[in-house]
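First up is the structure itself, then whatever we jot down about it.
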Amino acid sequence: MTSDMSGSRRRFLTGAGVLPLVAIAGRAEAQEAPPVSPFTAFSIDPREPDLVMPLWPEGKMPGGPVPAITETIDDQWDTAGLRYRVGVHVTRPTIAYFAPANPSGAAVLICPGGGYSRVGIDREGYECARWFASLGIAAFVLRYRLPADRWGAGAAVALQDAQRAMRLIRVGGAGRWRVDPKRVVVMGGSAGGHLAGSLCVKVYDRTYAPIDEADRLLTRPDGAILLYPVVSMGPAGHAGTRLALLGPSPSASDMTAWSLDGPLPGITPPIFLVHAVHDRVVPVDQSLALFAAVRASGGVIDLHLFDEGAHGLGFRGDPAWPMSDWPTLARKWLVRNNLA
């Protein structure tokens with residue numbers, strides 16, 4: 001499905017101002033207005049994707065058999081009056097494309113979180129895509145299949161989708177966009193951070209048989225932005241994500257295979273990593289373990305730890321928290337690495 005950007009939306013993308021909070025007044029009469037920050041505008045902006053594209057040709061999606069599930073969208077509004085859509089039981093994985101007004105040639109694949117049992121759409125998804133597009137970066141939000149639904153491919157089903165998405169971005173989506181295939185970043189938060197991290201470290205894994213020319217391309221990103229990621233599938237990891245990904249009784253070998261804190265390949269791309277010290281969902285030790293693993297492999301990683309913050313904040317954090325300014329740090333990192 002396609003939709004044209006309106007003139008007002010294009011002006012928003014090219015302007016430097018913040019969208020007035022009155023824009024959500026009609027939805028939030030009985031709710032608190034969200035705190036004002038330079039990034040609140042991207043949470044409020046109603047722009048939807050310019051294109052939503054299926055990952056797999058009809059009848060050629062790997063990972064079966066398909067579980068007996070029906071895909072749905074849980075469409076809610078949070079207490080600040082911001083939309084909060086979540087995909088459940090995904091059976092038709094897609095990438096949602098946000099076209100930049102002034103393309104730089106760079107691109108980003110966004111993997112929202114959801115514990116591998118749900119996948120975010122707005123927070124950590126469309127909101128981040130609008131921001132990337134405002135920087136001239138072509139943004140693609142991945143709606144991936146969920147291992148918790150117990151697909152035939154098991155834990156690999158989400159990684160199949162992420163690898164396919166990276167290839168489609170690089171090949172140009174059959175002429176629908178143009179990006180530099182050597183400047184494609186991946187971003188993910190929480191379980192989406194684990195998926196993005198898996199894309200970075202499982203660079204030699206062939207999770208499905210090639211089905212077309214796109215599958216000849218590499219899946220390794222050129223950089224990664226990871227927000228409060230799940231890293232370990234061991235006892236110290238996030239129990240809910242481990243259950244969704246590997247089931248109730250995972251083997252030691254499976255837990256090792258799907259953890260990101262062991263020996264890493266030397267071609268792991270540069271990583272930008274953000275975590276709150278007092279994260280109540282995914283302990284900061286997860287990011288510290290990833291930092292140590294990347295360092296041990298000789299890789300490059302920027303680690304940003306914040307005393308105050310919250311898990312899953314995306315662009316919706318309290319503007320008084322230094323952590324809420326992570327996009328400013330990320331932009332500097334992107335520019336420094338020629339990825340913006």
Top-ranked residue in the range 165-197 [being closer than 14 Å to Val108 by Cα and among the basic types (Lys, Arg); ranked as farthest from the chain's Cα centre (by Cα)]: Arg178
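To keep it simple, each residue is scored yes or no on (1) assigned to a helix (DSSP H, G or I); (2) of a type in the set (A, V, I, L, M, F, W, C).
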site	(1), (2)
Ala80	no, yes
Arg85	no, no
Arg92	no, no
Pro103	no, no
Val108	no, yes
Glu124	yes, no
Phe132	yes, yes
Pick from the range 147-164, criterion of a type in the set (A, V, I, L, M, F, W, C) and within 21 Å of Val108 (Cα to Cα), ranking: surrounded by the fewest Cβ atoms within 10 Å (Cβ to Cβ): Leu159
Contacts under 6 angstrom Cβ, first residue in the range 203-215 being under 21 Å from Ile267 (Cα atoms), partner at pLDDT below 95 and surrounded by 14 or more Cβ atoms within 10 Å (Cβ to Cβ), 6 or more apart: none
Enumeration of residues in the range 88-146 that are of a type in the set (Lys, Arg) and farther than 12 Å from Arg47 by Cβ: Arg92, Arg118, Arg123, Arg143, Arg145
Selection count, the range 235-284, where residues are out of contact with any Leu (no Cβ under 8 Å at 6 or more places or on another chain), hydrophobic (A, V, I, L, M, F, W, C), assigned to a loop (DSSP other than H, G, I, E, B) and farther than 16 Å from Leu199 by Cβ: 3
Cβ pairs under 7 Å, 6+ apart, first in the range 162-190 and on the phi < 0 side of the Ramachandran plot and modelled with pLDDT of 95 or more, second buried (at least 24 other Cβ atoms within 10 Å of the Cβ) and aromatic (Phe, Trp, Tyr): Ala162/Tyr144; Ala165/Phe140; Ile169/Phe140; Gly189/Tyr228
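The values are calculated or read from the model by the stated rules, or taken from the named source; none is laboratory data. Source: prediction; values computed, not measured. Neighbour counts run over all protein chains shown; Cβ positions are idealised from the backbone, glycine included.
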